[in-house]
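**Q** The following block contains the structure, expressed as structure tokens.
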Amino acid sequence: METELKSLEQKLNRFVELCHRMRVANEQLRQQLASATNENKVLAAKISAATSRLENLLTHLPEEDA
């Protein structure tokens, strides 16, 4: 009985440690996701601004005679 309890205690300790590591990993992943999402918004804004500038330049180009 004592051996079974020690084995159960060890398994429980490993489980608690695994849960802790998973929480840390999840928090890191949340931070990475937030960072990537923010970077994506910044890049989308840059693309939008570049698109607007290109469209503006295109309207100022002289048309070619066909």
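Values in this text are rule-based calculations from the coordinates and carry no lab data. Quick caveat: nothing in here was measured; it's all calculated off a predicted structure.
**Q** Can you give me the angle between helix 2-60 and the longest principal axis of the chain, using Cα atoms only, in degrees from 0 to 90, rounded to the nearest 10?
**A** 0
**Q** Which value in deg cm²/dmol, rounded to the nearest 500, describes the helix-derived mean residue ellipticity at 222 nm for the chain, given -39,500 (n - 2.57) per DSSP H run of n ≥ 4 and division by the residue count?
**A** On the way: 1 runs with 59 residues, N = 66.
Per the formula, -34000 deg cm²/dmol.
**Q** How compact and how long is the chain, expressed as Rg and Dmax of its alpha-carbon atoms in Å?
**A** Rg and Dmax of the chain, Cα atoms, are 28.6, 96 Å.
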